[in-house]
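Beneath this line is the structure, given in structure tokens, with notes to follow.
The values are calculated or read from the model by the stated rules, or taken from the named source; none is laboratory data. Just so we're clear, the structure is a prediction, and the values are computed from it rather than from any experiment. All Cβ positions, even for glycine, are placed from backbone atoms using ideal geometry, and neighbour counts span all protein chains on display. Just so you know, the surface numbers come from the protein's heavy atoms only, side chains and all, with ligands and any DNA or RNA stripped out. Shrake-Rupley method; radii C 1.70, N 1.55, O 1.52, S 1.80 Å.
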Amino acid sequence: QVFKQLDDKCTLQASYEDGAIAPKGSRLMTINASTRALLTGERTALNYLQRMSGIATLCSRYVQAVSDFTTILLDTRKTTPGWRLLEKYAVHCGGARNHRRTLDDMVLIKDNHLATMEGPRRIEQAVKRSRQENPELKIEVEADTAIQAKQAVEAGADIVLLDNMNPAELEEAIQIIEGQAQTEASGGITIDNVHEIASTGVHFISIGAITHSAQAVDLS
């Protein structure tokens, strides 16, 4: 699109499909356009391609790291302003699944929401109100402890977000939940510990790093 905006007669032939692995030294595509269009658009086009390929590549590494398990990797909304759809597409190309694109894709009750409420049964209140106002949406509740995870399940949450828990804490929470809701691990997930996190049996692992910390692929 960069080059077509600059030269409507531009033609582009890709050597690889999106999501394919390109060996080092490969020619990714051949572009035919005017010299002016090529020189004007090359850096912008490379910025897109290097950034998106970096996300897809990092995402692929995470996916490979948990290939022994049925755990599904998710992205987050920690994306570059204006580039969310592009970066989430790159995540898809890397083999992971897109989580929420916008706040209204599903209900996610976090500690900031609970802090605005009063009383000892805040999770129950929040889930009940959310279910009444948005009966068609899935409800996910963030839990920092096994006790909160139990409260979320008892309140009828569809998914429990187990936040910043180590593997032992995750296993304890998952045992308490007993399959009554899906589980998601988030917070502090790295390429070094994602395999161990997946081994706990958690259904989903969400990783902000695959979009906010991906290193651009070196292309020339």
Hits in the range 1-27 - residues which are among the hydrophobic types (A, V, I, L, M, F, W, C), open to solvent by less than 50 Å² (accessible area, probe 1.4 Å) and farther than 20 Å from V63 by Cβ: V2, F3, C10
Test: residue in the range 46-66 that is under 20 Å from S15 (Cα atoms), loosely packed, with under 14 Cβ neighbours inside 10 Å and not β-branched (V, I, T): yes
Positions within the range 162-175 being open to solvent by 10 Å² or more (accessible area, probe 1.4 Å) and closer than 14 Å to K110 by Cβ, in sequence order: D163, N164
Of residues in the range 26-80 being part of a strand (DSSP E or B) and without any contact (Cβ under 8 Å) to a residue 24 or more places away in the chain, the one nearest to L103 (Cα to Cα): M29
Which numbered condition N112 misses (of (1) under 30 Å from Q125 (Cβ atoms); (2) of a type in the set (S, T, N, Q); (3) surrounded by 16 or more Cβ atoms within 10 Å (Cβ to Cβ)): (3)
Unmet requirement for P120, which otherwise passes all of (1) modelled with pLDDT under 95; (2) within 18 Å of the chain's Cα centre (by Cα); (3) open to solvent by 70 Å² or more (accessible area, probe 1.4 Å): (2)
Test: I207 is of a type in the set (A, V, I, L, M, F, W, C), in contact with a strand residue (DSSP E or B) (Cβ under 9 Å, 6 or more places away or on another chain) and surrounded by fewer than 23 Cβ atoms within 10 Å (Cβ to Cβ): no
Any hit, the range 146-154, residues being acidic (D, E), more than 27 Å from S67 (Cβ to Cβ) and open to solvent by less than 40 Å² (accessible area, probe 1.4 Å): no
Criterion violated by R129 - all others in (1) out of contact with any strand residue (DSSP E or B) (no Cβ under 6 Å at 6 or more places or on another chain); (2) surrounded by 16 or more Cβ atoms within 10 Å (Cβ to Cβ); (3) modelled with pLDDT under 95 satisfied: (2)
Residues located in the range 119-137, provided they are in contact with a helix residue (DSSP H, G or I) (Cβ under 9 Å, 6 or more places away or on another chain) and part of a loop (DSSP other than H, G, I, E, B): G119, R121, N134, L137
Qualifying residue in the range 96-103 (condition: at pLDDT 95 or above and in contact with a Ser or Thr (Cβ under 9 Å, 6 or more places away or on another chain)): yes
